[in-house]
Structure formats: C-alpha cells, structure tokens
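Read the structure below first, then the notes.
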Amino acid sequence: MTTKHSQHLTDIAKYLNVPLGKISKNDQLYARISNNKKTIGILNIIFSLVKDSKSNLGGLEITEEALIHQWLEFGIIYASDGNSKQNNQTLLKNLNNILTTKTYLVGQRLTIADVFLYYSLLNIMETLPNFEKENYINVSRWFDNIQQDPSLRQNYNLIDFSTIYLSNGLGKHRV
Amino acid sequence: MAVGTLYTYPDNFRAAKALIAAQYSKVDLKVDPNFVFGETNKTKEFQQKFPGGKVPAFEGKDGQLLQESNAIAYFVSNDQLKGKNDYDRAQIFQWLGFAESEVLPAGCAWVFPILGIIKNNPSSQEAFSRAKNDMKSALTILNSHLLTRTYLVGERITLADIVVACNLLNPYKYVLDPEYRKPFGNVNRWFTTLINQPEFRAVLGDVSLCDKPAQPGTVQQVAGGGDAGKKKKEEKKQEKKEKPKKETPKKETAPEEELDAAEAVLAAEPKAKDPFEALPKGTFNMDEFKRCYSNEDEAKSIPFFWEKFDPENYSIWYGEYKYPEELTKVFMSCNLITGMYQRLDKMRKHAFASVCLFGEDNNSTISGIWVWRGHELAFTLSPDWQIDYESYDWKKLDAKSDETKQLVQQYFSWTGTDKGGRKFNQGKIFK
Ligand SMILES: N[C@@H](CCC(=O)N[C@@H](CS)C(=O)NCC(=O)O)C(=O)O
C-alpha cells in the first residue's frame, strides 16, 4: 500500500480536508470504502473525495468535468513513478506545449486536475536539473504557481525555480 | 454595509480597478447611480470634496475622500491584493507605476482616436503612430516577465494585475488584433485568465478581444472619457448599441496550438442552411427595426415597431426562466442570458429579444419578450437552438391585445417590475 497513487489519494484527501476512508488495492484496482460506500478506480475515488469536500474543484458543468477527467487520466497514465527518463521527457515536453497558452489545466481556475498533476509530478520536478527546468519553462511556471499554496504542498519541499528567473529582466526573489 | 460610494461614469476602466478590488475583498462599493459625468463633477459641491473634479472619486462611509483610481483601488483592497510582505508591496508599486507611465499613455493615444474620444489632428496622429511602438515595448517587458510567472507579483493575483489589466482593457478590446498580440503569448494568457476570474467578470462582464484592427473613428464610442455630459438614459442606450458580447474571449491562436479534432470537424462543416428560410418573409424588416431600436429613443422605436410589425408572418412571445430560485448573483444570471444568446447566434437574423433581469442577488427572475419570423416556437427549427429554451416557459402573445402592447413597452424600454414586484435590474438585447 505504499505505491505512489495511494499516496496521492492520501495527499488529496488531506488537502481537501475530508476523511480518506479505507483504501485497498486488488488486481491493479483501487477501492475506497467510506461511510459504507465503496468507490472503485482511482479516478472515481478522486471525484468522490472532491464530492465529499463539497468544493467545486471537480468542475461546475459537464464539459469542465470531462476535461478534468481527461487530465486525471493523463496523470495516471503518463506521470507514474518508475517511468523511464525518456518517458518523462516526452511527458514534460507535451505538457510544456500545452501550458504555453494556459494558466491552469482546465478553464481559468484551479481544479483537481492541477492538484493531482502537481502531486504526480513532484518527484520528477524535484530531480530535474536546473537547466532542464528552463527547457520546460511553461511547466515550471505552472508548477511554481501551484506549489505556493501551503495546504496543497503540505510537507513537500518548495521546489526552487529561481534560476530560471535570472534569465530575464526584473528579478524574482523569494522572501 | 457599504464601505463607500464611487463616483464614475459607467464602464470606466479606471473605476473598474476599485470595483474589481472590492470584489476580491468582498466589500460593498456602491457606484452612485445619480452621478452624471460632466455635470455632477462640475458642481462646486463635488469639487470642494474632489479638487479638479476628476473621476473616479471615492467617498468612504466615514467621510474618507479619495481621488486617483489606484489610490481608491488600494483603499478597498484586502491583504492578498496589497501584497504579503514589503518586497511584494514594493513590486506592486513598481507595476502601478509601469501601468501609468508605460501602458496608459500608449493605450490612450492609440485607442481614443478610434473610439472618437479625441479628434484626429496632426499631433494626435503623431502620437497615434508612436503609440503602437510604445505599446510594443511595454508588452515586450510584460511578456518576458510573465514567461516564468503566472501573475505579476508573488504568484497570486494582486493589485498589480488588476491595474495593469484594466489599463490594457481598452487596447485588448479595440486595437490589439490577433496579429499584433501574437508575439505576446504570455501576456495574452495572463490577461485571458484575469478577465475570466469571477471577480473580474462581475465588473467587466464578458470581454471579447479585438479580432480586427480598428481604424480611427470606426468604433462607436462606448467608453466615457470625452467631455460631453452623458445622461443616464443615453448610457443605457449605448449599452444596447454594443453588440451582445461573446461568452468567452476568443481562443488564442498561439503558433503551437493546433485545431483540435472537434474544431477541425466544425470548421469543415458546410454552412448550415438558415432554418427560417422556409417561412414566408412577410413585410416586417427585422434589420430596419433593429437599427431604429439601436439608434433612436424608445419613444420612437416602439411606435415604429408597431407600425411595421407584420402579425401574419411574425409572432411575439413571452419567455420566463423556470428556475428563479437557482439564480444567485446578478452577474451570473446575466451570463446565463448572454450565454443563451451566443448559442442562438444563427437565430439573430430573423429574431429580436429583450430579456431582463429583475431583482437583486439571490432574489431575482429572468423574463423577456421575443419576436421572430413564423408562428411556431422558433427553437424547434434547429437542433442547435435547443440547449436553453426548455429552461423557459413560453407563451405566445396576441399581437393585438393591450396586454401585449404593455409588455412590449415595458421590456423594450427596460422599465417596470416583474410579477413579484422586483425592480428592473439589467437587460440584454438579442439582435
Ligand atoms: N489619474 C486619474 C485620472 C482620472 C481622469 O483623468 N478622469 C477623467 C475621466 S477618465 C475625468 O474625470 N475628467 C473630467 C475632467 O477633467 O473634468 C485616475 O487614475 O483616477
């Protein structure tokens, strides 16, 4: 039960301030039991946590929800631990392209998609050498924005992006 | 309780700074409904409080008096907007200075001649051509700053974002066409995110970015700023004149972005036939009426409507939103109406409507008067038009009855109350 996805679920529950319930894994399939209700599959579990929290991070209407769905799937499939370096590079490259024109993954506000992807990318970003952060500048910008929320970051390290700010005009200092 | 009163003409981008800040800090900042630009601010009484008589001007509930939009916005800001430490606060000042000295002069010199706020003359001409370059320099600085940052200061929305965005509002609406703004992808991203925040939308409504380069004198003046006094009535008129705004700003076409599959399919689809085509044309000229309605007072346009209306081939309907209990914020309800209009875009040619919101936050209703070609419920003519109409109760009106005359009068002139006595709050015209 120490695999990465179950850690993400724990983190998300904590961020949303809802009880996680009991998480189990059988045949690659995660299940959550909470309030005598069983939810199966990571995606469904994430949505059920969001629902429990009564936040609107899960989308306000069907299209938004569908897009969030899509990003969660993307995160589950492509941003898992133990991927090869090459895999990660492809992931970052794609994400970097997409984030050229976007502030958040879905719509114009933070959703559970950003939250989940933040947790999923933590390891990758933490081990990314500084010069590479500059290669994935849009990912870096997005990640840096997301990680500023202490309740979301919890006990994880604040990843340093300051070197990439040196490359352009008005300096950015962390105080 | 209100923190105070703001004196301004409507749609003033300077006043918007304070109004948006007030949305973030959740304070009630009232705009004085009786203020008439060019009159109120010329009175001795006003100028005693506000030397120079410029707007926006602010009077706090405890008698605090303030001028200068940035100062007013600062006063109504919460801690998040003001910056979390001295360095952040200093940076916010830096950007306010930048907004006033780098963005605003270029923006005004470029936009004002186009809106007809200042007359064309040799010196404005010179400023006009210089402005495009000055704007480029300002946007270049912003663009490189925003390459690595989501917001201007401290990774969260602050007063710096509000002020710089408000100073860029008219340029983005009227002159920064897609070609010009293309190199400034980071600024575009940042600006689009901001104008779509609920706090910005509550004040600015839907902002659509400029899609064609405008030339001097080609855009109807919609923002104030000239010296002519504007009566409330005229302002209302002007709002009507604006074409119904798009629900969401146009998608940025950054070089990397490709049409996704669905868009490609849509783009490839042959132009759909006009579903009204099959119905007899009749004698009522919809465009002619719309022109009259936009340009004339209702005292003229409503009689004109009855004079030209062709009851044989056109019908008048009353539509009322079925779920008023779900209506919360006024601005959200207005988005409901404009959203519906947008989805009905292809219906415009042969239809007209005035849909009004009555009441206030958490106690409001929506209803409207519609006119279209044919005698059937027009929404059934096309599958594209069926998203919203079932949320309304529809009643066909007898064009000859006095009750209908009264309803048309009321809805076209944006007056009166709904059945429950709620006062008219806002109206939107489908044309
Ligand atoms: N720097 C001031 C400028 C205010 C200003 O120029 N207001 C104009 C309208 S946009 C005005 O009130 N003019 C009236 C007059 O000069 O009599 C601010 O940002 O508030």
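The values are calculated or read from the model by the stated rules, or taken from the named source; none is laboratory data. The model shown is predicted, which means the values in this text are computed figures rather than measured ones. Please note: Cβ atoms are built from the backbone with ideal geometry, for glycine as well, and neighbour counts cover all protein chains shown. Ligands, DNA and RNA are excluded from the accessible area calculation, which covers all protein heavy atoms including side chains. Shrake-Rupley method; radii C 1.70, N 1.55, O 1.52, S 1.80 Å.
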Checklist (1) crowded, with 18+ Cβ neighbours inside 10 Å; (2) touching a Ser or Thr at 6+ places or on another chain (Cβ under 7 Å) applied to A:THR101, failing item: (2)
Matching residues in segment A:15-31 - criterion: being buried (at least 20 other Cβ atoms within 10 Å of the Cβ) and within 17 Å of A:VAL115 (Cβ to Cβ): A:TYR15, A:LEU16
Condition met for B:LYS54 (in contact with a strand residue (DSSP E or B) (Cβ under 7 Å, 6 or more places away or on another chain), open to solvent by 70 Å² or more (accessible area, probe 1.4 Å) and either at pLDDT 95 or above or more than 28 Å from B:ILE195 (Cβ to Cβ) (or both)): yes
Segments classed as strands (runs of 3 or more DSSP E), wholly inside segment B:332-431, with at least 2 members that are crowded, with 17+ Cβ neighbours inside 10 Å and not aromatic (Phe, Trp, Tyr): B:351-360, B:363-373, B:424-430
Qualifying residue in segment B:171-181 (condition: away from chain A (no Cβ under 12 Å), β-branched (Val, Ile, Thr) and outside any helix (DSSP H, G or I)): no
Qualifying residue in segment B:139-152 (condition: within 14 Å of another protein chain (Cβ to nearest Cβ), buried (at least 20 other Cβ atoms within 10 Å of the Cβ), touching a residue at least 60 places away in the same chain (Cβ under 8 Å) and closer than 21 Å to B:ASN196 by Cα): yes
Members of segment B:40-83 that are over 27 Å from the mean Cα position of the chain (by Cα) and β-branched (Val, Ile, Thr): B:THR43
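Here is a check on your reading of the model: is B:LYS212 surrounded by fewer than 21 Cβ atoms within 10 Å (Cβ to Cβ), charged (D, E, K, R) and closer than 17 Å to A:THR101 by Cβ?
no
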Helices (runs of 4 or more DSSP H) lying entirely in segment B:17-120 (those with 1 or more residues that are in contact (Cβ under 8 Å) with a residue 60 or more places away in the chain and within 16 Å of the ligand (Cβ to nearest atom)): B:69-75, B:86-98, B:104-115
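Anything in segment B:4-51 that is aromatic (Phe, Trp, Tyr) and either touching a strand residue (DSSP E or B) at 6+ places or on another chain (Cβ under 7 Å) or at positive phi (or both)? List them, or say none.
Of everything in segment B:4-51, those that are aromatic (Phe, Trp, Tyr) and either touching a strand residue (DSSP E or B) at 6+ places or on another chain (Cβ under 7 Å) or at positive phi (or both) turn out to be B:TYR7, B:PHE35, B:PHE50.
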